[in-house]
Amino acid sequence: MTTTTQDYQASSDYRQRFFIENSAVRGDIVQLDKAYQTVIAQKNYPAALKALLGEMLVSASLLISTLKIDGKLSVQLQSTDEKARLTWAMAECDHTGAVRALAGFDDTGDNASLWQSLDGSDEAFAQLGAGVLFISIHPDKGEAYQGIVERISDSLAECLAHYQKQSAQIPTLIKLATSDTTAAGVLVQLLPQTQADKEADPDLWNRLTALTDTLKPEEITDLPAAEILYRLYHEEQVVLPEATPLHFACTCSVQKSEGAIIQLGLDEAKQVVAAHDGVLVLDCGFCGQQYRFDEAAVERLFADE
């Protein structure tokens, strides 16, 4: 049986928190349609890399919900292999529900056909070669934190679930999936239990683990959160608070572009302008926005310094 605090409202981009009543279990379901489509439209990404970026977007959206911060969390990949076909990737979500993602990859020469032959996110992850997976947390107030995630496999979900269990000592289940239109995922956690909790339902976590393992990728991407939870846990008392809307957003700005030009220095900035037919163009890889500066605009920047 499922109890809810409100009528469920389906949305294309959202995070749905849920609880198992009278237990230490909490979880979230994330589904991204519009935001995912916006991200993968920014570059001519191979299909496998689209899937990996989608999983990273969902992971960041799930993990930030486990923290009580105003700020942002990112999931990042960085290769240390000069021959890696996947050089880096990052996906970010902040406390307002804003998400974005971007990746760098090599599809020149024979790499182009190899990328096209890959099947799924795990194979895209493997193209990182020697490299690291890490989680970066940036609170609006306080110090930033970065945690290295052990690469126990080429499955992002397995790596992140293992990290949560090892670093936070919280048993965690993570399921991630993508389709052509949607990136989605489920996170379930067993928070510290009282002795009374353990005695009341000693089989709870084993039971939920077995049930969650039955979830199919197409169910994660195609079904609304309420239906997923009913199919999995219809014999549990599941509580659904109000869902949190998610959306694509970029933090680029004219001011940040101006700051980048100032970092170059006047002489070098003017050389770049001259070398590019009189206009320095800064492109944002996340959203495609262009910021254009001619020589007069560059000189005004330094006149204001």
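Assorted remarks:
- Kirkwood-Stokes translational diffusion coefficient of the range 254-303, alpha-carbon pairs, 37 °C, 0.692 mPa s, µm²/s: 303 µm²/s
- Net charge in the neighbourhood of SER136 (other residues with Cβ under 15 Å of its Cβ; Lys, Arg +1, Asp, Glu -1) is -2.
- Helix-only CD estimate at 222 nm, as mean residue ellipticity for the chain, using -39500 (n - 2.57) per DSSP H run (n ≥ 4): -10500 deg cm²/dmol
- Summing Lys and Arg as +1 and Asp and Glu as -1 over all other residues whose Cβ lies under 9 Å from the Cβ of LEU215 gives a net charge of +1.
- Among the lysines of the range 17-160, pairs at least eight places apart or on separate chains and with Cα atoms under 25 Å apart come to 9.
- Just checking the listed ones, GLN78, GLN255, GLN127: in the Gaussian network model of the chain with Cα springs under 10 Å, the one fluctuating most is GLN255.
- Sequence-separation-based contact order of the chain, relative, with Cα cut under 8 Å and 6+ spacing, percent: 25 percent
- Calculated diffusion of the range 94-169, Stokes-Einstein form, Kirkwood radius summed over Cα pairs, 20 °C and 1.002 mPa s, µm²/s: 144 µm²/s
- GNM on the chain, alpha-carbon springs under 10 angstrom: the most fluctuating residue among GLU158, GLU82, GLU219 is GLU82.
- Within the chain, CYS93, CYS159 have no other Cys Cβ under 4.7 Å of their Cβ and so lack a disulfide-compatible partner by this rule.
- Scattering curve values for the chain, log₁₀ I(q)/I(0), Debye with Cα scatterers, q = 0.10, 0.13, 0.16 Å⁻¹: -0.62, -0.96, -1.31
- Across the chain, the longest piece that holds none of the trypsin sites (Lys or Arg not before Pro) lying in DSSP loops with up to 11 other C-beta atoms within 10 Å covers 142-305.
- Largest mean-square fluctuation among GLY288, GLY131, GLY109, in a Gaussian network model of the chain whose springs join Cα atoms under 10 Å apart, belongs to GLY109.
Computed from the coordinates by the stated procedures, all read-outs in this text should not be read as laboratory data. As the structure is a computational prediction, the values presented were derived from the model and not from experiment. FYI the Cβ positions are ideal-geometry reconstructions off the backbone, even for glycines, and counts take in every protein chain you see.
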